[in-house]
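Structure first, then comments.
The values are calculated or read from the model by the stated rules, or taken from the named source; none is laboratory data. The model shown is predicted, which means the values in this text are computed figures rather than measured ones. When we count neighbours, we look across all protein chains shown, and the Cβ atoms used for this are built from the backbone with ideal geometry, even at glycine.
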Amino acid sequence: MLHVSPSDLAASSIEALRVLVPAALPAAGYVITAETPAHVPAREALLDRAMGPGRVRKSSEVIRRGRLPADGLAFAATGLDQSLLGTLRLWHVAAGTRDGAPVAALLLGPLAIEPSAQGLGLGGALMRHAVGEAKRLGHGAILLVGDPAYYARFGFSCASTARLAMPGPFEQHRLLALELKAGALSAAGGLIVGTGRAAGSRATRALQLSQRVGVAA
């Protein structure tokens, strides 16, 4: 679990955390933990506020719909008052095929930050934490659809995605990837499809999340 409370940290400790937290927060802290069922209602409301109702029509949502996020890779950022400030999930996908076999990867998103908390570096902290956890768990590559200029700072580019496609309309230059293992997406081509476990009822999803999603280190 990443717990940042600048008022309690010495200057040297804050410097040591800069890889995970780009800027020390001057007046407030936040905690990045594994998402739990208790976060889900607030998460849905946050996504509606941050992204609007059109979010459900995005090509990435087609891949995620009806599936559970990858084990240990659903994160919630909360304020010290326990309010939800940010959310980020990663999902199992096949990044097309290579030599006839599916290429395992992760799809990142959505990343959403409470509008009132934007500008505090929380999005960057969530991204770095998620990428670090995905690498620690042994995954080979992460895909996303987003702004190339923003995600370049985390190592994402379109260098490995020219032969990949999303279901439905998408802009090729916004389909980005980060290889966590060299060559993970080499020669991969075709349609990106979801491969994660299917979600059941709301109660089943909550139970599965509580049993499967581990606390982030």
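Structure above, values below:
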quantity	calculated
Test result for Ser60, in a helix (DSSP H, G or I) and surrounded by fewer than 20 Cβ atoms within 10 Å (Cβ to Cβ)	no
Meets criteria (in contact with a Ser or Thr (Cβ under 6 Å, 6 or more places away or on another chain), modelled with pLDDT of 95 or more and over 23 Å from Tyr150 (Cα atoms)) for Ala94	yes
Of all residues in the stretch 152-178 being out of contact with any helix residue (DSSP H, G or I) (no Cβ under 8 Å at 6 or more places or on another chain) and not small (Gly, Ala, Ser), the one that is surrounded by the most Cβ atoms within 10 Å (Cβ to Cβ)	Leu175
The stretch 67-104, subset in a loop (DSSP other than H, G, I, E, B) and without any contact (Cβ under 8 Å) to a residue 24 or more places away in the chain, residue nearest to Leu137 (Cα to Cα)	Gly100
Total residues in the stretch 125-139, condition among the small types (Gly, Ala, Ser) and either buried (at least 19 other Cβ atoms within 10 Å of the Cβ) or at pLDDT below 95 (or both)	3
Options Ala101, Ala74; residue that is buried (at least 20 other Cβ atoms within 10 Å of the Cβ), of a type in the set (Gly, Ala, Ser) and modelled with pLDDT of 95 or more	Ala74
Lone qualifier among Ala130, Ala184, Ala134, Ala188 - being more than 30 Å from Leu85 (Cβ to Cβ), out of contact with any His (no Cβ under 9 Å at 6 or more places or on another chain) and hydrophobic (A, V, I, L, M, F, W, C)	Ala188
